[in-house]
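I have placed the structure first, in the form of structure tokens, so that the comments after it can refer back to it.
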């Protein structure tokens, strides 16, 4: 039985099937970002996908209020990274540029 989803900013997270190729993986990451985006926008920020490395590292750009917020690192690691890693197998880390 799968664990209960956890919520972050109204976004539910859960295990999902593995993406089988890079295009599917990118689509899944973009879908996860789209799910997270309203919570970030509610605080005056936003997020942009820059790239997904072959090592599974997702590079994003936090913009608006998120780009200058002193707790953006916590938002990135405790929220964004956790949700993307929950939803997209093969992702090892999310970092902001």
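Let's see how each residue does on (1) surrounded by 20 or more Cβ atoms within 10 Å (Cβ to Cβ); (2) at pLDDT below 95:
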site	(1), (2)
33	yes, no
39	no, yes
45	no, yes
49	no, no
73	no, yes
77	no, yes
87	yes, no
93	no, no
All positions within the stretch 25-35 that are under 16 Å from residue 93 (Cα atoms) and within 9 Å of the chain's Cα centre (by Cα): 29, 30, 32, 33
Pairs where the first residue, in the stretch 66-86, is on the phi < 0 side of the Ramachandran plot and the second is at pLDDT 90 or above and in a loop (DSSP other than H, G, I, E, B), C-beta under 7 Å, 6+ apart: 84/91; 85/91
Residue among 29, 60 that is part of a helix (DSSP H, G or I) and modelled with pLDDT of 95 or more: 29
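The values are calculated or read from the model by the stated rules, or taken from the named source; none is laboratory data. Everything numeric here is computed off the predicted structure, so don't read it as measured data. Reconstructed Cβ throughout: ideal geometry from the backbone, glycine too, with neighbour counts over all protein chains shown.
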